[in-house]
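Report on the structure given below.
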Amino acid sequence: MFKSKSDEKPKPGDLIEIFRGLYEHWAVYIGDGLVVHIAPPSEVAGAGANCVMSVAAQRAMVKKEKLRDVVGTDKWKVNKDLDEKYEPHPTDTIVKEALELVGTEQPYDIMTQNCEHFAKELRYGKAESWQATTGPYK
């Protein structure tokens, strides 16, 4: 069973940060135990998103999957760290835009268009990634 680092239950539109050891994978919670996230095509469902092994990927698929399948055995948390810096989009807008992208192929670059950029763009309209600027990808 998956375990959150906190007792906070995700709400639609929340960002989910999944701790993979050397990096974090990001997804957008859309409700009913489901998330939307971007993952390179080499990903195996249920194995968790592996951005590190996908450094060379230039394209990625937007997927809608169960949170527990994306998390696997890793720890995760709801991350709203940028809510004080940026006004989040309305919940219905975040969920609608995330669902509209499911099944599409998107550009992917570990430094400029990774899973964290994708999730934060949906929530805030700002594609940011601390991993690419100060974290393990730098």
#### Entry: Ranking of ARG68, ARG123 by count of other Cβ atoms within 10 Å, fewest first
ARG68, ARG123
### Task
Among PHE19, PHE118, rank each residue by its count of other Cβ atoms within 10 Å, from fewest to most, as a rough exposure measure.
PHE19, PHE118
### Task
Kindly provide the GluC sites (Glu not before Pro) of the range 65-110 that DSSP labels as loop, not H, G, I, E or B, and whose Cβ sees at most 13 other Cβ atoms within 10 Å.
GLU84
#### Entry: J(HN,Hα) series, the range 81-95, from Karplus relation 6.51 cos²θ - 1.76 cosθ + 1.60, nearest Hz, glycine and proline x
4, 8, 4, 7, 8, 10, 7, x, 4, x, 3, 5, 5, 4, 5
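We did not get these values from a lab; they are worked out from the coordinates using the rules stated. Worth saying up front: this structure is predicted, and the values here are computed from it rather than measured. Quick reminder, even Gly has a Cβ in these numbers, built from the backbone with ideal geometry, and neighbours come from all protein chains shown.
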